[in-house]
Amino acid sequence: MYGNDFIDPDEPLNAAEFGDVDDAVAAAATTAAQRAEGGSSFEALLAADQRIEPRDEMPEAYRKTLIRQIAQHAHSEIIGMQPEGNWISRAPSLRRKAILMAKVQDEAGHGLYLYAAAETLGVDRAELLDLLHSGKQKYSSIFNYPTLTWADNGAIGWLVDGAAIMNQVPLCRCSYGPYARAMIRVCKEESFHQRQGFEILWTLSRGTAAQKDMAQDAANRWWWPALMMFGPPDTGDAATTGGHTAQSMAWGIKRFSNDDLRQKFVDMTVPQAAKLGLTLPDPDLRFNEETGHWDFGAIDWSELWRVLKGDGACNAERIERRVGAHHEGAWVREAANAYAARHDLGQQQEYVA
């Protein structure tokens, strides 16, 4: 498997490889018995750290929060196919092409898992897609940056997928069952994606001077946007300025603050950059002996807000291509629906007979 020829396969390279995902699977296996013992009200299930299932009673605000979060997550997966998908025909070898095609296909599958999870909350995926296409729902701002060189595919895998995994592993223990179960599979697949990106940069950083420069340039451009993926500050003074963190943590949707996850990501990534021989573009980056963590410089949050408002390099292009692909695929959806309707009718007639 890619990634195991240059680094110890037993050495964790991302947050999904520390055993937390497997722990979430084991914990889910005992849920049924614990639910029976602890009661089935929304408050009782949360107090017992159990999963809320689609047929359970839940506050409307909890349901709407989940729809917003899961929809944005699903949208990010399918929009996220574009930056790398545009390099499939230009990959430098057949092996690279096959791996990249598999990765992009995985992202499509992740979107389907998540739209299916959202539908258990009583919303239709067609409605969610309409909201995405009209700009009424968002996707991760990271996908509004261009992939200028082949090395960008490596930086996306290493940094963007690495940050995504750090965000998503705690979601394997999300209080909403369908979302948590979808994330278990997503995290296991994303782990391979991150290793693929690391391998691309490993190869480039040991190549020609031009290839090394290409790898460094990609790291320079993707480092800060990757840190922004965790969201704005939500601890200390920032904890009182709004946002969803406090309520989402109270509901068990979220397990850690944006700032805690960002710090974990920096602590994990800095040693990996050293292994790659790349310099992260932060002159303030230094290890703090007192805290045991890596201190890093101030993030320019104005860039995040600017991109979120539609002023990123690729905002318009991403939505235009998404809407175009949706319209071009209408005949496929119509054919699939017609086949399903015919199949259901045949089953009904067989049952009556």
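What to note about this one:
- Test: residue in the range 306-317 that is in contact with a Ser or Thr (Cβ under 6 Å, 6 or more places away or on another chain) and open to solvent by less than 100 Å² (accessible area, probe 1.4 Å): yes
- Residues that are within 12 Å of the chain's Cα centre (by Cα) and farther than 29 Å from E127 by Cβ within the range 138-162 comprise I156, G157, L159, G162, listed in sequence order.
- Criterion applied to D130, D217 was being free of Cβ contacts under 8 Å to residues at least 40 places away in the same chain and more than 21 Å from A98 (Cβ to Cβ), and the one residue passing it is D130.
- Candidates L132, L128, L121, L112 - the one that is open to solvent by 20 Å² or more (accessible area, probe 1.4 Å) and closer than 30 Å to A61 by Cβ: L112
- Residue check, R342 open to solvent by 80 Å² or more (accessible area, probe 1.4 Å) and more than 22 Å from S76 (Cα to Cα): yes
- Scanning the range 286-317 for residues that are free of Cβ contacts under 8 Å to residues at least 40 places away in the same chain, of a type in the set (D, E) and assigned to a loop (DSSP other than H, G, I, E, B) turns up E289, E290.
- So L285, is it out of contact with any helix residue (DSSP H, G or I) (no Cβ under 6 Å at 6 or more places or on another chain), closer than 29 Å to P233 by Cα and either surrounded by 10 or more Cβ atoms within 10 Å (Cβ to Cβ) or small (G, A, S) (or both): yes
- Scan of the range 217-260 for residues that are open to solvent by less than 40 Å² (accessible area, probe 1.4 Å), assigned to a helix (DSSP H, G or I) and either touching an Asp or Glu at 6+ places or on another chain (Cβ under 6 Å) or not hydroxyl-bearing (S, T, Y) (or both), ordered by number: A218, A219, W222, W223, P225, A226, L227, M228, A238, T245, N258, D259
- Residue selected from the range 190-216 under the condition assigned to a helix (DSSP H, G or I) and among the polar types (S, T, N, Q), by the criterion surrounded by the most Cβ atoms within 10 Å (Cβ to Cβ): Q194
- Subset of the range 248-267 (residues that are touching a helix residue (DSSP H, G or I) at 6+ places or on another chain (Cβ under 7 Å) and on the phi < 0 side of the Ramachandran plot): S248, W251, I253, K254, R255, F256, S257, N258, L261, R262, K264, F265
- In the set (1) part of a helix (DSSP H, G or I); (2) under 23 Å from Y145 (Cα atoms), G346 fails one condition alone, (2).
- Residue in the range 261-280 that is open to solvent by less than 50 Å² (accessible area, probe 1.4 Å) and closer than 28 Å to K64 by Cβ present: yes
- The set of residues in the range 75-108 that are under 17 Å from the mean Cα position of the chain (by Cα), farther than 18 Å from L159 by Cα, in contact (Cβ under 8 Å) with a residue 40 or more places away in the chain and open to solvent by 20 Å² or more (accessible area, probe 1.4 Å) contains only I78.
The values are calculated or read from the model by the stated rules, or taken from the named source; none is laboratory data. Here the structure is a predicted model, which is why all the values come from computation and not from measurement. So basically every Cβ, Gly included, is an ideal-geometry build from the backbone, and we count neighbours across all protein chains shown. All accessible areas refer to the heavy atoms of the entire protein, side chains included, with ligands and DNA or RNA removed. Shrake-Rupley method; radii C 1.70, N 1.55, O 1.52, S 1.80 Å.
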